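This report refers to the structure that appears directly beneath it.
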Amino acid sequence: MEERRKTGRPWKGPRKRKSLIVPIPLAEAAEQYAKSHGMDFNDFCARLMAEHLREQGIDISYTHPIQEQLMTA
């Protein structure tokens, strides 16, 4: 029997859903920047928050890799 391969992106760890409401121009600019740097909007926001918190002296580790392209079977 052939081994079944998993499809989709690798697991990026536990997550908590948070809604974010921002002005349209800001959201569009952030989405475009994230896409041009090979990440999704959520990764971009998480990286910004982690960087800001570290600058404030809060020890936070956000080391999950940028989302990889979907894998196919």
In whole Hz, what ³J(HN,Hα) sequence does the stretch 36-43 give by Karplus (6.51, -1.76, 1.60; θ = phi - 60°), x for Gly and Pro?
5, 9, x, 10, 8, 4, 5, 4
Under the rule of at least 5 residues apart or a separate chain, name every residue whose amide H is placed under 5 Å from the amide H of ASP40.
GLN67
How long is the gain from ARG17 to ASP59 if the chain were fully straight, where each residue apart is worth 0.36 nm and the alpha carbon distance is subtracted?
13.0 nm
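Which net charge results for the neighbourhood of ARG15, defined as the other residues with beta-carbon distances under 13 angstrom from its beta-carbon, given Lys and Arg at +1 and Asp and Glu at -1?
On the way: positive: ARG9, LYS12, LYS16, ARG17, LYS18; negative: ASP40, ASP43.
Value of the local net charge: +3.
Read-outs: derived from the displayed coordinates by stated rules, not from any lab. Since we're looking at a predicted model, the values are computed, not measured. All Cβ positions, even for glycine, are placed from backbone atoms using ideal geometry, and neighbour counts span all protein chains on display.
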